[in-house]
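Before any comments, here is the structure.
The values are calculated or read from the model by the stated rules, or taken from the named source; none is laboratory data. What you are looking at is a predicted structure, and each value in this text was computed from that prediction instead of being measured. Cβ placement follows ideal geometry from the backbone for every residue including glycine, while neighbour counts extend to all protein chains displayed.
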């Protein structure tokens, strides 16, 4: 088994818009990520970073290239096997939270475990409850998402992403809809998770301040990685994000 | 995800949209309850008709004349046949004005002899039958049905009183027990029964009979008896060999079969209409499920992103539609039985509920859920996770 959790070689994604017009969103991307790394992906919109994230999350399939996640080659998987990997290996955190409305926080967190199966309702409850209190939402288990603030909703989403003990967390602009204070709190949770449990974090953001939380930064432009290197940490560690435009 | 969890998910989704879910079920409820009501009514009607016809006497037959009238001589000759147990001529007259002390009504006359009561199995609740003398002497005596008794006499005892039938005074000598109504609504209790001689001469001024009722000694002897009657009438009427009869012999068995055929056809027709309404209910479910799938595309995307497989999504929506239709089925069965019982109660028909029809209705509702839920569910399951997730 490779020591790298992610091995990507010459990944290409072409969107066919019509018979004549096609867009090459990824033009041959190669990347390796170590276990326990905290990686941030940056780039302007249209640079290919979202396409890359979707492929990383087994939500989309590459046109060509090789993608190995935790020793599993993604190229020959059926849609059911992909669903299983999304369920067990990957925790998703989205910009728009993507919680089920009219479903309590607890039930939202339980959902991936429900699809995984093999546990009793009581065990499911227990685990979801402990994760919610870990992200600071103890006592709000039965609130529905529309009764929670953006920051709280994102915490629910984080708890949900963790319930099946995934190998990596993919966070796609997790602070994009949040104010400074909540952004910092969310990033603190991610940092803590990365440090304490050694979970691999992959974070997409366009804010340099948010990227500061990570250890390594790659930058996309026009479907290629143009920059890949460690973050030069600023003197202070917490409360990095000071002011945000608009 | 196991079945239990899929079920839980589906039930939660139904619960979140209570109003819509119950409205969706209404179609199925109406469909299933109408199946139950229609099938029940069909069965009850069949039994009601059979009961009515067998009161005519299960080993009886009737002879109609068509060209040559049936006359006194025929009656006397047929009576001599050793196969004939009872025989009565019948002279009909309908919508006859009947008056008692200023109260009047229209009734139906049967001119008969005393064998009529044996064949029809009609019994008197008070009074007496005709005497031989009254029949021979064209006696102006009458036995009345309960409707006539109630409308003309109320609480007064009618025995011995005189009523005017077509302005002819008649003495009431007996009152029948209640017979009920026929399927077509004819009231068997609105009758005036008098000696056939009286009906023929005083009422109709005719010297022939409209019909002759004959009872055989047993049900098995009916064909033989009918053959004997047929042979006799052909000889008397001088019908050459090979020519058709100029009379008709109808046994109650035949009548029973005709009635059964009619009511069976009716029952199938009614059940067919009910099935159509069930089908319409199914289309309603499909419609709502399609709306629901496109409304919840994003939810489907989220579920897929966190690990729902194709079959999980398929099962979730399928269970949702089957639950809607099955619950609708159970409610419909309950409602249907209630309505059916109420109708039957007022019609005084027998209450027949076959467990089979209940089971079939339920299974049908269940099948409707699967049939009409499958397409929307498949549509949901076939969504690509990334497309569903991006759906706004």
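Which number in (1) at positive phi; (2) within 25 Å of the chain's Cα centre (by Cα) marks the one condition that residue B:205 misses? All conditions are met except number (2).
So, in region A:124-170, exactly how many residues are within 11 Å of chain B (Cβ to nearest Cβ) and either in contact with a strand residue (DSSP E or B) (Cβ under 8 Å, 6 or more places away or on another chain) or not in a helix (DSSP H, G or I) (or both)?
The qualifying residues number 8.
Run down A:160, A:192, A:122 and say which single residue is surrounded by fewer than 17 Cβ atoms within 10 Å (Cβ to Cβ) and within 17 Å of the chain's Cα centre (by Cα).
Details: A:160 fails: surrounded by fewer than 17 Cβ atoms within 10 Å (Cβ to Cβ); A:122 fails: within 17 Å of the chain's Cα centre (by Cα).
Testing whether each residue is surrounded by fewer than 17 Cβ atoms within 10 Å (Cβ to Cβ) and within 17 Å of the chain's Cα centre (by Cα) leaves just A:192.
Each residue in region B:306-342 was checked for being farther than 15 Å from residue B:38 by Cβ and either in a helix (DSSP H, G or I) or away from chain A (no Cβ under 14 Å) (or both), and 23 of them qualify. Within the set B:298, B:235, the sole residue that is at negative phi and within 14 Å of chain A (Cβ to nearest Cβ) turns out to be B:298. Taking the criterion of being touching a residue at least 24 places away in the same chain (Cβ under 8 Å), in a helix (DSSP H, G or I) and within 14 Å of chain A (Cβ to nearest Cβ), the residues of region B:1-40 that qualify are B:3, B:6, B:7, B:9, B:10, B:11, B:13, B:14, B:20, B:21.
Yes/no per residue for (1) touching a strand residue (DSSP E or B) at 6+ places or on another chain (Cβ under 7 Å); (2) at pLDDT below 90; (3) surrounded by 17 or more Cβ atoms within 10 Å (Cβ to Cβ); (4) more than 30 Å from residue B:208 (Cα to Cα):
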site	(1), (2), (3), (4)
B:241	no, yes, no, no
B:247	yes, yes, yes, no
B:251	yes, yes, yes, no
B:265	no, yes, no, yes
B:274	no, yes, yes, yes
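Entry remark, region B:74-109: residues being within 24 Å of residue B:225 (Cα to Cα), outside any loop (DSSP other than H, G, I, E, B) and touching a residue at least 24 places away in the same chain (Cβ under 8 Å) number 12 in total.
Per-residue answers, yes or no, for (1) buried (at least 21 other Cβ atoms within 10 Å of the Cβ); (2) out of contact with any helix residue (DSSP H, G or I) (no Cβ under 8 Å at 6 or more places or on another chain):
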residue: B:145; (1), (2): yes, yes
residue: B:152; (1), (2): yes, yes
residue: B:176; (1), (2): yes, no
residue: B:180; (1), (2): no, no
residue: B:187; (1), (2): no, no
residue: B:199; (1), (2): yes, yes
residue: B:236; (1), (2): no, no
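For region B:361-385, a tally of residues being assigned to a helix (DSSP H, G or I) and free of Cβ contacts under 8 Å to residues at least 24 places away in the same chain returns 2. Can you confirm whether residue A:231 is modelled with pLDDT under 90 and either touching a helix residue (DSSP H, G or I) at 6+ places or on another chain (Cβ under 6 Å) or buried (at least 16 other Cβ atoms within 10 Å of the Cβ) (or both)? Criteria met by residue A:231.
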